[in-house]
Amino acid sequence: CELVKVLTNFSSIECKVEPDMSGKRVAAYKSILKIRNILHQTKRCFSVKNVCPDSEIFVDSKIDSMNKIVRSNPAKSLFNGAEELQDKTTKSWNPSVGRVTESLLLGVCGLAEESAKQCGAITLDQLYRVGILAENEDGTWRLAEGWENRRVYLYGDCKTIENVDKFVRDIANRPLSYDDINNQVEVFMDAFSGLQKIPGDWHAGLAMLKSIYTLFYDGMLKPFQEALGWQRINKDVGGCYFQACRLVAYVGDEFTRAFMYEYASTFDDFNGDESSEKDCATFLCEYAIGFASFLQEMRSSEDEVRRACALFLEMHTKFRTFVDSYRCGDAIAILIGYNSYVPYWLKLGQHKYVERVWAQNEQLFRNFPFSRFMESIMNRCVRIHPESTGKRMVAQDEYLELKNANLAALPMVHQLESFIRQGQFVGLIERAKNFVAELYSMKSNATVGKSVEPSMIPEMQLIFEMIMKMKVNSSDNCRKYKSKDVYQIVGKLSTDLTREKDKVRTSCSGLYSYNKLYSSVDQMLSGGGNEDDDRSGSDIDEDAIMASVRGEVAEEHQSITDPDRLWKKQHTDMLDDLEEAGWEKINAMNLKQERSLALQRSKRHRQVNKEIAASVKEMRNGKISKIGEELDDTVPEFSNWHQYWKNYLRKIRRESGKTDVLV
């Protein structure tokens, strides 16, 4: 009843925004999001008529009854509340999430971020532009007035943040000297102390998708790709992000449809009477909770085929929830998504992102005050278009990619004057692109009739047919998963991928071209779109824009002409529950104590360097002249100065417990 109340009458819930250090509130929110996702899939699967009638696998009467319940008015209210849950929750603690983000391009630094030194130089340049550093008359740098009050956040991919950390670590562990550069480095260290380094969410989603493809591409996804005839997808997914996401989404949706049909056919508490319509919201929530337990049990099934499908759905659902979270600015769910993928990254050897997640948690929850945490999560995502347009938000690093795409649209120049002249067109290009994107997201007020026909495009029909031939809904504890069997199914499929518009194109190319132009304008004004396209209400989303910039044009569907193609074996860990194994490994690390000791060592090292720098400055000002000048003979201590100073440094190092640093 409480879950139904949250989803159907969110305004009556008193949202608490005070910090909860126990973690119970976040755990409850995580569970609600999981049920929300299942309810969304329930609507997609049962809002149309049975797509697999007379199959002798499912109970058609129960599926038809589910169709009636899902299409009832209480169910629609429940589904609408589930779809709007994240948006409403985010607005409860971030009222400004609906406003367009105000941004300012500070300028371009002419350095490539390929190494730690270059990333450090670019970061110092940005710190100078935002008022953390100031330049002295002699060309050295000092901390600007009021620098402690300026709060700076650095977003980037894993490699960028790793390079910045390496730069800071290198200058912190530098060999001490008597030069002026020693004091200059201390200024830079103070400037970096207030910088929060946060991983970019778009690149993190790419890492999650790469983990899915590492485990399931050879043994499961590649046969579906060959059946569809999509050629550009590869295991790396770096140059085919949009198509790789679409393949995973199609396969995951149809696996979910098959298992939802199975669970509905065996649901013991099923009640399809029309008299129970007033309780259908409660019934659907119970169905969703039961289906979650059903998939959880399947993850440990002896049937390897069903276990592989359940493990794939678990990873796919977490990835999809993560993407939906930064599309609506839900930073709490974003952090949940990061931590939920840590065990997968740890077991698959993606240690860079594991370290980034742990460092992010320490910066948000330990190293900085709570006000910095709230400020960072409230500005975690970027809203380019007004909320009224239906366009969703983008991640910070994704926003930078779009900015780079605008700059890439300009021709290459070879003179500084030409480069400056092009600057006046950058804003115009952005406004034009934003206008076109908002124009395509317009919706008409015309009502559309409700259809009971299956809203499955040919690609989904082919995938569902392939899943049925895999016999995922029959349980056999002795059955082993063999990727060769999945590859052999591809040649036995009968679904035709040719669409009606393709037939028209071949019959009358001239008339088709005219109709295509006319229908494009009509579709632009009507705003028609598929409900599965990220639920953005738009035919153009940010991922598609980035894909088109990089040349990731979707391939036409092609038929398979080589039935005797080579098949690949599945990944060795494909049938293992990496989430459970990963958490066991993490719990055995004594992680909290080790990282706490590392922080203490870092602070102690920093304090020692400060004391040494202060002593160098004090003794230089009182005893000797500037480095490189002739010293006056009136300084009697200079003859033993070098040996005295080495002994002094060794003493400080010995007291700090750090003896492996060069003197």
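Coordinate-derived values only; no laboratory data. For clarity, every value in this text was computed on a predicted model and none was experimentally measured. Every residue, glycine among them, receives a Cβ derived from its backbone with ideal geometry; neighbour counts consider all protein chains shown.
Taking Rh as the Kirkwood radius computed over C-alpha pairs, what is the Stokes-Einstein D of the stretch 49-122 at 37 °C in a medium of viscosity 0.692 mPa s, expressed in µm² per second? In µm²/s, the coefficient rounds to 179. Of the cross-linked pairs Lys5/Lys76; Lys34/Lys469; Lys222/Lys484; Lys34/Lys482; Lys210/Lys471; Lys49/Lys76, those separated by over 21 Å at the C-alpha level are Lys34/Lys469; Lys34/Lys482; Lys210/Lys471. Normalising the average separation of contacting C-alpha pairs (under 8 angstrom, six or more residues apart) by the number of residues puts the relative contact order of the stretch 1-107 at 37 percent. Taking packing as the residue-averaged number of other Cβ atoms within 10 angstrom, the listed peptides 315-324, 12-21 run from highest to lowest as 315-324, 12-21.
Please compute the Cα-Cα pair-distance distribution of the stretch 1-40 with 10 Å bins starting at 0, giving whole percents from short to long. Histogram of Cα-Cα distances, whole percents per bin: 25, 54, 21, 0. Compared with the direct C-alpha span, the chain from Asp236 to Lys484 gains 87.1 nm at full extension, assuming 0.36 nm per residue.
According to the calculation over all Cα-Cα pairs in the stretch 53-187, the P(r) per 5 Å bin from zero is 2, 7, 10, 12, 12, 9, 7, 6, 5, 5, 5, 5, 5, 3, 3, 2, 1, 0 %.
For a protection proxy built on the mean count of beta-carbon atoms within 10 angstrom, sort 186-197, 403-414 highest first, please.
Averaged packing, sorted descending, gives the order 186-197, 403-414.
For the stretch 143-158, backbone nitrogen atoms closer than 20 Å to the point 7 Å from Ser371 Cα along Cα-to-C-beta are found at 144-154. How far apart, in nanometres, would the label points at Val130 and Lys603 be if each is projected 7 angstrom from Cα along the Cα-to-Cβ direction? Calculated label separation equals 2.4 nm. Coupling constants for the stretch 299-311 follow from the phi torsions by the Karplus curve (6.51 cos²θ - 1.76 cosθ + 1.60, θ = phi - 60°), and in residue order they are 5, 10, 5, 6, 6, 5, 5, 5, 5, 4, 5, 5, 5 Hz; glycine and proline get x.
Cα extents for the stretch 254-406 along the principal axes, largest to smallest and rounded to whole angstrom: 53, 43, 36. Report the normalised scattering of the stretch 201-251 as log10 I(q)/I(0) at q = 0.22 Å⁻¹, calculated by the Debye formula with identical scatterers on the alpha carbons. At q = 0.22 Å⁻¹ the computed log10 ratios are -0.72.
Annotation: peptides 61-69, 250-258, 467-475, ranked by per-residue average of other Cβ atoms within 10 Å with the highest first, follow the order 250-258, 61-69, 467-475.
Apply 1/(1 + (r/R0)^6) to the Cβ-Cβ distance of Leu106 and Ala614, taking R0 = 22 Å, and write down the FRET efficiency to the nearest 0.05. The value I calculate is 0.10. For the stretch 121-258, the alpha carbon positions stretch 69, 31, 22 Å along the principal axes, listed from largest to smallest. The distance separating the Cα centre of the stretch 340-410 from that of the stretch 4-21 comes to 25 Å.
Taking the Kirkwood radius as the inverse of the mean 1/r across Cα pairs, report the Rg/Rh of the stretch 20-83.
Reported Rg/Rh, Kirkwood definition of Rh: 1.16.
Percent of Cα-Cα pairs per 5 Å bin, from 0 to the last occupied bin, for the stretch 1-124, please list those. Calculated P(r), rounded to whole percents: 2, 8, 13, 13, 11, 9, 8, 9, 9, 6, 5, 4, 3, 0.
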